[in-house]
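Enquirer: Got a structure here, written out as structure tokens. Questions coming.
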């Protein structure tokens, strides 16, 4: 039976309390597990220099622990700085960001993460609250897929 009812989200932030940064330029990516009626902070990845870095312990924080990873200024082996950011999203379902370019969005989607571009800066708590309202009231197709509905056309999880 698929795991429904909760999703792992990532948010791009510079100030740690708002979705206030573009994907490539964000100082931090913060991860939460969100259910229909609760949310739990999972992890944070800190990027130095706003464009590069790597998560040193990719499995850390999965079960609610905080590891506050510092990412390197240089990317390993000369790879492009976007790679580390996309890799940090492994295991996520949805990315909330202030902005993301088409090439980055395609790479995020290749990781089976749905990117959501917000027009305005919003508090992370507000984003989570709005997401929970959508989860509880006829979620849109992209959210039903993220919630792992057996048939995304259905309105109730399996």
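The values are calculated or read from the model by the stated rules, or taken from the named source; none is laboratory data. Fair warning: this is a prediction, and the values are worked out from it, not measured in the lab. Methodologically, a virtual Cβ is constructed for each residue, glycine included, from the backbone with ideal geometry; neighbour enumeration extends over all protein chains shown.
Enquirer: Of all residues in the range 18-33, count the ones that are in contact with a helix residue (DSSP H, G or I) (Cβ under 7 Å, 6 or more places away or on another chain) and farther than 12 Å from residue 44 by Cα.
Expert: 4
Enquirer: Quickly run through the range 117-132 and pick out the residues that are under 18 Å from residue 17 (Cβ atoms) and assigned to a strand (DSSP E or B).
Expert: Answer for the range 117-132, where residues must be under 18 Å from residue 17 (Cβ atoms) and assigned to a strand (DSSP E or B): 122, 123.
Enquirer: If residue 105 passes every condition in (1) over 19 Å from residue 18 (Cβ atoms); (2) at pLDDT below 95 but one, which one does it miss?
Expert: For residue 105, the failing item is (2).
Enquirer: Find the residue count for the range 83-110, including only residues that are surrounded by fewer than 16 Cβ atoms within 10 Å (Cβ to Cβ), more than 11 Å from the chain's Cα centre (by Cα) and assigned to a loop (DSSP other than H, G, I, E, B).
Expert: Number satisfying all stated conditions: 1.
Conditions (1) at pLDDT 95 or above; (2) crowded, with 16+ Cβ neighbours inside 10 Å; (3) more than 15 Å from the chain's Cα centre (by Cα), marked per residue:
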| site | (1), (2), (3) |
| --- | --- |
| 9 | yes, yes, no |
| 20 | yes, yes, no |
| 23 | yes, yes, no |
| 66 | no, no, yes |
| 71 | no, yes, yes |
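Enquirer: Right, next: Of all residues in the range 25-47, count the ones that are surrounded by 16 or more Cβ atoms within 10 Å (Cβ to Cβ) and touching a strand residue (DSSP E or B) at 6+ places or on another chain (Cβ under 6 Å).
Expert: Final tally of qualifying residues: 14.
Enquirer: How many residues, within the range 24-46, are within 17 Å of residue 115 (Cβ to Cβ) and outside any strand (DSSP E or B)?
Expert: Counting residues in the range 24-46 that are within 17 Å of residue 115 (Cβ to Cβ) and outside any strand (DSSP E or B) gives 3.
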